[in-house]
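Trainee: Below: one structure in structure tokens.
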Amino acid sequence: MTVQEAIAIAREKQLDLVEVAPNADPPVCRMMDYGKFLYEKAKRERKARKASKSVEVKGVRLTTRTGEHDLEFKSRDARRFLEEGCKVKVRVWFRGREITYPELGHELLDKFAARLVDIATIETPPKMEGRNMTMLLTPTAKK
């Protein structure tokens, strides 16, 4: 039908004429209450935003000289973060000449990950970033 006929019918029914597919041949239009459509669309978006959960990244900082007790304490904190659903970024900080022994940091991160193997998976393996070696742990899916 022609555009004028469609507009006349839409006005008669007190609806809006909305162009749905402008690139089609001929263009496709639809009669609807456009205000109601926008309201429902916004309502769906709010509901989707409320349902989505943002993942927080918590940090744990270690040094190559971190003791066994301190490592246990830090792994306990990381376990709590993972149980809450957060990701954990474990960072080994190298001071002074410690940077010449990156294998110490690698061993420390492997030991740390081994303590949390039941609750976490390694998302990003250990890698150097300046004077820091970082590793990212994510919580495993609950069964």
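Trainee: Quick check for me: using +1 on Lys/Arg Cβ and -1 on Asp/Glu Cβ, what's the dipole size of region 1-77 about its Cα centre, in debye to the nearest 20? Write out the running numbers ahead of the final one.
Mentor: On the way: 17 positive and 13 negative charges, 96 e Å.
Rounded to the nearest 20 debye, it is 460 debye.
Trainee: Let me ask something else about it. What's the exposure ranking of Met135, Met1, going from fewest to most Cβ atoms within 10 Å? Intermediate results must be reported in sequence, preceding the final value.
Mentor: Working: Met135 23, Met1 9.
In order of increasing Cβ crowding within 10 Å: Met1, Met135.
Trainee: Dipole of the chain (Lys/Arg Cβ +1, Asp/Glu Cβ -1, origin at the Cα centre): which of Leu62, Ala114, Ala21 lies farthest to the positive side?
Mentor: Of the options given, the answer is Leu62.
Trainee: Sticking with this structure for a sec: Taking K and R as +1 and D and E as -1, what net charge do the other residues with C-beta under 12 Å from the C-beta of Lys58 add up to? Please report the intermediate quantities before stating the final value.
Mentor: Details: positive: Arg61, Lys74, Arg79, Arg80, Lys87, Lys89, Arg91; negative: Glu56, Asp77, Glu83, Glu84.
Spelling it out: positives minus negatives among the neighbours equals +3.
Trainee: Among Ala141, Leu71, Ile99, whose Cα sits farthest toward the positive end of the charge dipole of the chain (+1 at Cβ of Lys/Arg, -1 at Cβ of Asp/Glu, about the Cα centre)?
Mentor: Selected residue: Leu71.
Trainee: As a test, work out the antiparallel percent of DSSP beta bridges whose residues both lie in region 8-143, rounded to the nearest 5.
Mentor: Values: 18 of 25 bridges.
Beta bridges within region 8-143, antiparallel portion: roughly 70 percent.
Trainee: At q = 0.09, 0.16 Å⁻¹, work out log10 I(q)/I(0) for the chain with the Debye formula, treating every Cα as an identical point scatterer and leaving solvent out; two decimals please.
Mentor: Normalising to I(0) and taking log10 leaves -0.52, -0.86.
Trainee: Using only alpha carbon pairs under 8 Å that are at least six residues apart, calculate the relative contact order of the chain and give it in whole percent.
Mentor: Details: 171 pairs, mean separation 25.7, N = 143.
Relative contact order of the chain: 18 percent.
Trainee: Would you mind ranking Thr63, Thr2, Thr140 so that the residue whose beta carbon has the fewest other beta carbons within 10 Å leads the list?
Mentor: Values: Thr63 16, Thr2 8, Thr140 13.
Arranged by neighbour count, lowest to highest, Thr63, Thr2, Thr140 become Thr2, Thr140, Thr63.
Trainee: Can you list which of the DSSP-assigned H helices in the chain have a Cα extent of 18 Å or more along the long axis and an average Kyte-Doolittle score of at least -0.5?
Mentor: 102-115
Trainee: Given a Förster radius of 35 Å and the C-beta distance between Lys41 and Ala8 as r, what FRET efficiency does 1/(1 + (r/R0)^6) yield to the nearest 0.05?
Mentor: Numbers: r = 27 Å, r/R0 = 0.77.
Efficiency, rounded to the nearest 0.05: 0.85.
Trainee: By the scheme Lys and Arg +1, Asp and Glu -1, what is the net charge of all other residues having a beta-carbon under 14 Å from that of Arg11?
Mentor: -3
Values quoted throughout were computed directly from the atomic coordinates according to the rules given, and no laboratory measurement underlies them. These numbers were taken from a predicted model, which means no experiment stands behind them. All Cβ positions, glycine included, derive from the backbone under ideal geometry; neighbour counts span all protein chains shown.
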